[in-house]
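Working notes, beginning with the structure itself.
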Amino acid sequence: MTDCCGPGYASPAEAMKAPAEKLLYTIAIYTGTGIQKPDYLCTIDADPESETYSKVISRLEMPGIGDELHHMGWNACSSCFDDSSMARKYLIVPGVRSTNLHIVDCAADPRNPTLFKVISGKEIKSKTNLSAPHTVHCLGSEIIISMLGDANGNAPGGYLHLNKDFEIVGRWENSMGDIKFGYDFWYQPRHNVMVSSEWAAPNTFMPGFDLEEVGHLKYGREIHFWDFEKKEPKQTMYLGEDGLIPLEVRFHHNPDSSHGFVGAALSANIIHWWKDDAGEWQWEKIIDVENEPHPEWPIPVPGVISVILLSMDDRFLYFCNWLHGDIRQYDISDPHNPVLTGQVWMGGLLGRAPEVNGVQVTGGPQMIQLSLDGKRLYVTTSLFSTWDNQFYPEIRTNGGCMLMVNCDTEKGGMEIDPDFVVDFGKEPNGPSRCHETRYPGGDCTSDIWV
Amino acid sequence: MADTVTITLTNRDNATYQVSPRRPLLETLREQGVDLPWGCEYGGCITCAAKLTEGEVDQRAQVALNNRQINNGYVILCVARPEGDCTLEVGVESHDTLYRNPFLDPLADHELKADIATPKDAAR
Ligand code: FES
C-alpha cells in the first residue's frame, strides 16, 4: 500500500504481495444453540510467531440476542483505491434473523474491535420494507447489502443502500424485475454487470430445510444478470436441475474478465458463465459432485456446496461439500475445463474425517477464506443455526471449529495444517458456532476493482 | 375473554405466569423475566418455538412451522396468543422433535407447510 491512496490495492497482483494476515475476524453464534447469549465477533491471532497463535484473543458481543450473525463486509475495498479520503475501517456485520446491522470499528484497535453503531432492524424494515440481510459489498464509497426478504420475510426482498456514514439511503435497485429470490451478488463494473443468485424466502429457509419444498419451487434455480448502472435485472439464466439453490457468486478478480462462477448447493454443481465473442452471456456446468449413498438413509446425500471462492490470481477455485465433508481445489486456468488438484476432508456426514488435529469436527467444511497470497485457507464448520441443528445436531454440545489448510500455489494440492485449530466448543460461555472470516487487509471475497 | 390466563412452564420448575390472552406469549413471558430465545419476532424464523403440552393457542400468523411440527405440538411464541390456560415446554430443550434430517426422514405431502400441503386423503 502506498501513502497516496485509499484502501486496498491497485490490482489483484498487488494484493497478492501484501503482508500475510496476522489477525482474523470470525463470526460466532449462540442463536439456536440454547445458550442465551449474544452472537459475537471473534478476533483470532493468525501470526505463527505469536504466543497466542490460533487462539481467540478478543470477543465483541452484539447488544442483543438472536441476531444470527452470518456474513459481513467491509465499508471500503479496492474499489476505493483512488480515494484517499476512504479507509478500510469498519466491518458491517448483519444479523440475518433480527435484520440489525452492526457497524464495528476494527481500525482504532485491530486486536479489540468495538461497536461503532447499530442500525436497527426495525428502522430498516420501516424505511425500506426489507429484512434478512446477507451479502455486503462496498461500491466506491457506498454500500449495498442483499436483503433476502420483505419486512415480513417474503421473497424476493431487494438491496439496501447505505452511504459511507452508514445512513439508510433507501433501496438500491430500481427494479427486481421477475426475480423470485435473492441471496449473493458480485459485480464487474467494466462489463456493466452484476450477477445475483437465489436461496429462498427467509420464511422458507430460516426455520430449516424441507427438501420437499424444492420441488414446490420454494428454493431458487436461476441466476440473474443485471444492468449494473441502471440497477435493474436484464437477463435470467434458468439453471433447472443443474442449478438447484445457486448460492455464492464469484467473478474473476481481474476486472477485465467476464468469467464468473456460482456454486449450486443442492445440485452440487459449479456453474460457469462468460460473455462470448458476440457479447452474449453464456453458461455451462463445469463440475458435478455425485450424491453419495448413506447406509441408513433412504435418500442419497448431496454434497451441498455452501461456498466457493477464487484465488486472487483467478487460477484456483475452492469449494466445500458441507454434507460430504470435503474441500476441493480446482485449477481453472481454463475455466471451461477445471482440473481437480487438491482435496481434504474434515467432518461431514460420510464419516471420512471425524477428528482433525485432536478436535472432533462437528459439521462439515463450510465458510472458507483464502489469504491474499493464496497459500492459507481458513475453514469453519457451521452453516446456519437451524440447518446445523437438522444435519449435525451434536453441534449443540460440541460447537464449531476453525481449521487452516495449506495450499500449494505452484503445483496445486492441499494439506490441513497440523498446528492451527480453534475449538469453538471451548468458548467461555459454552459451545458456539463459527461462520464467516475476514482479514483486516482484505481477502479473496471482499475486494472488487472498478 | 378472561383478562388473564395461566401459563405453566414445565421445564422451568413448573413456574406459572398470569398473562393477557391478547398479546403474544413471547412478549408477555419476557416481560415477567422469562429468558427465552427469539430472532425475527414476526413468526418466520422458528427460533422462539416451544412445545405446547396442554391448552390452545392462536398462532395463525406463524409461517415457520410445517404440519409435522404443528402435529408434534410446536408453537411460535412470538405470534401465539393463548386461548386459555396453557402448559408449555420452552427454549431449545423443547426442540427434540423440531428438527429432522430430510435425507433420513422425508416429509409426507400432508406434512409440508400449510400453503403447499396436500390434504391427507387426497395425497395419493
Ligand atoms: S422469533 Fe422468529 S419465529 Fe418467533
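The values are calculated or read from the model by the stated rules, or taken from the named source; none is laboratory data. Since the structure is predicted, the reported quantities are computational estimates derived from the model, not experimental observations. Positions of Cβ are backbone-derived with ideal geometry, glycine not excepted, and every protein chain shown enters the neighbour counts. Surface accessibility is based on the protein's heavy atoms, side chains included, excluding ligands, DNA and RNA. Shrake-Rupley method; radii C 1.70, N 1.55, O 1.52, S 1.80 Å.
Let's see how each residue does on (1) more than 16 Å from the ligand (Cβ to nearest atom); (2) of a type outside the set (Gly, Ala, Ser); (3) more than 14 Å from chain B (Cβ to nearest Cβ); (4) within 19 Å of the chain's Cα centre (by Cα):
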residue	(1), (2), (3), (4)
A:Ser11	yes, no, yes, no
A:Tyr25	yes, yes, yes, yes
A:Tyr53	yes, yes, yes, no
A:His71	yes, yes, yes, yes
A:Ser85	yes, no, yes, no
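Could you check how many residues of the stretch A:284-342 are in a loop (DSSP other than H, G, I, E, B) and either buried (at least 20 other Cβ atoms within 10 Å of the Cβ) or of a type outside the set (S, T, N, Q) (or both)?
Applying the first criterion (in a loop (DSSP other than H, G, I, E, B)) to the stretch A:284-342 yields A:289-291, A:293-300, A:302-304, A:311-315, A:322-325, A:332-338.
Cutting the leftovers down to either buried (at least 20 other Cβ atoms within 10 Å of the Cβ) or of a type outside the set (S, T, N, Q) (or both) gives us A:289-290, A:293-300, A:302-304, A:311-315, A:322-325, A:332, A:334-336, A:338.
Count: 27.
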Next item on the list: Scan the stretch B:51-66 for residues that are more than 10 Å from the ligand (Cβ to nearest atom) and closer than 21 Å to A:Asp388 by Cα and jot them down.
Entry: B:Lys51, B:Asn66
Checklist line | Residues of the stretch A:372-390 classified as within 18 Å of A:Leu310 (Cβ to Cβ) and in contact with a helix residue (DSSP H, G or I) (Cβ under 9 Å, 6 or more places away or on another chain), total | finding: 3
Check: Can you find even one residue in the stretch A:155-177 that is closer than 22 Å to A:Tyr439 by Cβ and within 14 Å of chain B (Cβ to nearest Cβ)?
Finding: no
Checklist line | Pairs with Cβ under 7 Å, 6+ apart, first in the stretch A:197-218 and farther than 30 Å from A:Phe251 by Cβ, second assigned to a helix (DSSP H, G or I) and open to solvent by less than 10 Å² (accessible area, probe 1.4 Å) | finding: A:Pro207/A:Thr386; A:Gly208/A:Thr386
Check: Out of A:Leu383, A:Leu403, which single residue is open to solvent by 10 Å² or more (accessible area, probe 1.4 Å) and either at pLDDT 95 or above or part of a strand (DSSP E or B) (or both)?
Finding: A:Leu383
Notebook entry, point to check: Among the residues of the stretch B:92-121, which ones are at the interface with chain A (Cβ under 7 Å from one of its Cβ atoms) and open to solvent by 60 Å² or more (accessible area, probe 1.4 Å)?
Noted result: B:Glu93, B:Leu104
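Which residues, taken from the stretch B:1-15, are in contact with a strand residue (DSSP E or B) (Cβ under 7 Å, 6 or more places away or on another chain) and surrounded by 12 or more Cβ atoms within 10 Å (Cβ to Cβ)? Show your work before the answer.
Narrowing the stretch B:1-15 to residues in contact with a strand residue (DSSP E or B) (Cβ under 7 Å, 6 or more places away or on another chain): B:4-11, B:14-15.
Within the stretch B:1-15, B:Thr4, B:Val5, B:Thr6, B:Ile7, B:Thr8, B:Leu9, B:Thr10, B:Asn11, B:Ala15 meet the criteria.
Looking only at the stretch A:95-109, count every residue that is more than 14 Å from every other protein chain (Cβ to nearest Cβ), of a type in the set (A, V, I, L, M, F, W, C) and either assigned to a loop (DSSP other than H, G, I, E, B) or open to solvent by 10 Å² or more (accessible area, probe 1.4 Å) (or both) and tell me the total.
Of all residues in the stretch A:95-109, those more than 14 Å from every other protein chain (Cβ to nearest Cβ) come to A:101-109.
Within this subset, residues satisfying the condition of being of a type in the set (A, V, I, L, M, F, W, C) are A:101, A:103-104, A:106-108.
Imposing the further condition that a residue be either assigned to a loop (DSSP other than H, G, I, E, B) or open to solvent by 10 Å² or more (accessible area, probe 1.4 Å) (or both) reduces the set to A:106-108.
So the answer is 3.
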Notebook entry, point to check: part of a strand (DSSP E or B), among the aromatic types (Phe, Trp, Tyr) and surrounded by fewer than 22 Cβ atoms within 10 Å (Cβ to Cβ) - does that describe any residue in the stretch A:363-379?
Noted result: no
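State yes or no: is A:Arg59 of a type in the set (Lys, Arg), part of a strand (DSSP E or B) and over 17 Å from A:Phe166 (Cβ atoms)?
Working: of a type in the set (Lys, Arg): yes; part of a strand (DSSP E or B): yes; over 17 Å from A:Phe166 (Cβ atoms): yes.
Yes; evaluated as a whole, the condition is true for this residue.
May I ask you to say which residue of B:Val90, B:Val19, B:Val34 is within 13 Å of the ligand (Cβ to nearest atom) and either within 21 Å of A:Thr204 (Cα to Cα) or at pLDDT 95 or above (or both)? Explain how you work it out, then say what you get.
Values: B:Val19 fails: within 13 Å of the ligand (Cβ to nearest atom); B:Val34 fails: within 13 Å of the ligand (Cβ to nearest atom).
The conditions single out B:Val90.
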Checklist line | Residues located in the stretch B:29-72, provided they are under 11 Å from the mean Cα position of the chain (by Cα), more than 9 Å from chain A (Cβ to nearest Cβ) and open to solvent by less than 20 Å² (accessible area, probe 1.4 Å) | finding: B:Ala50
